[in-house]
1. Just to be sure before I move on: is THR69 at pLDDT 80 or above and loosely packed, with under 10 Cβ neighbours inside 10 Å in the structure I sent?
2. Out of all the residues in the range 23-34, is one or more at pLDDT below 85, among the polar types (S, T, N, Q), out of contact with any strand residue (DSSP E or B) (no Cβ under 8 Å at 6 or more places or on another chain) and within 30 Å of ASN3 (Cα to Cα)?
3. Considering the range 1-35 alone, what residues qualify as being over 30 Å from TRP49 (Cα atoms) and in a loop (DSSP other than H, G, I, E, B)?
4. What single numbered condition from (1) at pLDDT below 80; (2) in a strand (DSSP E or B); (3) under 21 Å from the mean Cα position of the chain (by Cα) fails to hold for SER38?
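The values are calculated or read from the model by the stated rules, or taken from the named source; none is laboratory data. Fair warning: this is a prediction, and the values are worked out from it, not measured in the lab. Here Cβ is always computed from backbone atoms with ideal geometry, including for glycine, and neighbour counts include all displayed protein chains.
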Amino acid sequence: MSNITLTNNKRTITVELAKQGTQGQGVPNGGATGEVLSKIDGTDFNTQWVANGATVSWGAILGTLSNQTDLQAELTRIEETAVSMAIALG
């Protein structure tokens, strides 16, 4: 595999392409819509397809984000602030 050299009127950049690694286990067959691939334990390639649960846990916070009204309100406020700043900066 060769490198790629990009040149414009100001500079030249050479990008070294990585060599492809050895083939691994890959993603196992199976899995249904909505399922995710999950590690069973610390053993390499020991995975299984599981339902993508909508309930998550962050320490003592349990449930879906929509049920965490104080957290949802703060995230909404941060998003609105970011949008306002982006508009102001043009």
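1. no
2. Yes.
3. Selection gives MET1, SER2, ASN3, ASN8, ASN9, LYS10, ARG11, GLU16, LEU17, ALA18, LYS19.
4. Checking SER38 against (1) at pLDDT below 80; (2) in a strand (DSSP E or B); (3) under 21 Å from the mean Cα position of the chain (by Cα), the one that fails is (1).
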